[in-house]
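The structure appears below as structure tokens.
Nothing in this text is a laboratory measurement; each read-out follows from the coordinates by a stated rule. Treat the numbers as computed from the prediction; the structure is a model and nothing was measured. Please note: Cβ atoms are built from the backbone with ideal geometry, for glycine as well, and neighbour counts cover all protein chains shown.
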Amino acid sequence: MSLSVQFLSLLAMIGTGIVAGAFMDMIGTGTAYAGKKSFIRKYAVAIEVIGWVLVGCGTFYVLYLVRDGAWRMYDPVAQVSGLLLYASFFYRPFRLLGRIVLLLVVKPLWFLIRLIVSIVRQIIRLLMKILSVLVLPFVKLFRLISMKGFKRKEK
């Protein structure tokens, strides 16, 4: 293995450490801002464990792409260095980028989804009211007729 390939794989492992730090920070921030009784807060530990498993799978996928899956002793050190780089330098730009994506992409999409659902719900309610008004005379007639057939005759 040449020196340039080793350097590239070292940079890749540092990069996976930075991405792992950002991903785990995203999960931690999401669980911290979730409501006290929300699904996310309730299963925060399981979500974090799944996050770490995904980070590990992503790391080994990068190892597979860069070095055909060969693992070296300096890989964990490089990944921890990437985590520390994220915590010291890349924390604020990633958070800023996350806020921008949240404001420009996620919140408008969530608003549109909620708007469409509420419009569909109102249309269904209106149709149900119209249907109930149209069916009401028949229901009353059916009750009147069916109740006469089951009345007891007094002696």
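Worth a mention:
Matching residues to (1) in contact (Cβ under 8 Å) with a residue 12 or more places away in the chain; (2) touching a His at 6+ places or on another chain (Cβ under 9 Å); (3) among the charged types (D, E, K, R); (4) surrounded by 10 or more Cβ atoms within 10 Å (Cβ to Cβ):
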residue	(1), (2), (3), (4)
Leu85	yes, no, no, yes
Phe89	no, no, no, yes
Arg92	no, no, yes, no
Leu96	no, no, no, yes
Phe111	no, no, no, yes
Ile124	no, no, no, yes
Val133	no, no, no, no
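- The condition of being over 25 Å from Met24 (Cα atoms) and either touching a helix residue (DSSP H, G or I) at 6+ places or on another chain (Cβ under 7 Å) or in a helix (DSSP H, G or I) (or both) holds for only one of Lys107, Lys140, that being Lys140.
- Where helices (runs of 4 or more DSSP H) sit wholly within region 1-68, none has at least 1 residues that are touching a Cys at 6+ places or on another chain (Cβ under 6 Å), over 27 Å from Arg99 (Cα atoms) and among the aromatic types (Phe, Trp, Tyr).
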